[in-house]
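Below is one structure, written out as structure tokens; the observations come after it.
The values are calculated or read from the model by the stated rules, or taken from the named source; none is laboratory data. Predicted, not measured: the structure shown is a model, and the values here were computed from it. Every residue, glycine among them, receives a Cβ derived from its backbone with ideal geometry; neighbour counts consider all protein chains shown.
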Amino acid sequence: MKKIINIILGSALLLSCFANAHDYKGGNLHIDHPWSKQVPPTSAVAAAFFNIMNHGDEGDTLLRAESPIAGKTELHAHIHEDGMMKMREVEKIDIPANGSRTLKPGSYHIMFFDLQKVPALGDRFPLTLHFAKAGTIEVDVAVEEATYKPSGQQKDEMKSAHAHH
């Protein structure tokens, strides 16, 4: 009986580790920690961020994204135009060979418009990413607290948090 209980507990622990895993692989790409800032419950828009690492010798391209939480999903970037930073839709996001592309606030990101359901803090929602070479990769986006820290402090915390990778 004790052996059966240990097997059940071990299996539950293993499954919980997989449930908490927050990185995804497809082809030569590794997508780390997809997340979205918590938005007000009446918001019509949200955004998603993550890091894409390309372990291949050829570049790849994120062509489009979609999620059931939004009526419309777009690839976006912040672009310097007329002396101001402006958010604009882009046709694609390139991921260099043996390199990475970080989607983050103030840079490249995924925008969700006409939210069908506003995700709450702690929720996860599905996001489908379509790449030119790696094909389709399904990820879950974790909704996290919207924190605004000086970029240096945030980078230090991210390095510390991701030191185990």
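Here the condition is being small (G, A, S) and farther than 26 Å from A44 by Cβ; of G83, G106, G71, it holds for G83 alone. Suppose we keep only residues that are touching a residue at least 40 places away in the same chain (Cβ under 8 Å) and hydrophobic (A, V, I, L, M, F, W, C) within the stretch 61-92. Which one would you say is nearest to Y108 (Cα to Cα)? Here the answer is L62. Per the listing K155, K133, K117, K72, the residue uniquely surrounded by 10 or more Cβ atoms within 10 Å (Cβ to Cβ), modelled with pLDDT of 95 or more, among the basic types (K, R) and outside any strand (DSSP E or B) is K133. Looking only at residues in the stretch 98-114 that are within 12 Å of the chain's Cα centre (by Cα) and under 12 Å from L75 (Cβ atoms), the one that is surrounded by the most Cβ atoms within 10 Å (Cβ to Cβ) is I110. Scanning the stretch 77-91 for residues that are surrounded by 12 or more Cβ atoms within 10 Å (Cβ to Cβ) and closer than 22 Å to G135 by Cβ yields a total of 1. If only residues of the stretch 120-130 that are surrounded by 14 or more Cβ atoms within 10 Å (Cβ to Cβ) and not charged (D, E, K, R) are counted, the one that is farthest from T61 (Cα to Cα) is F125.
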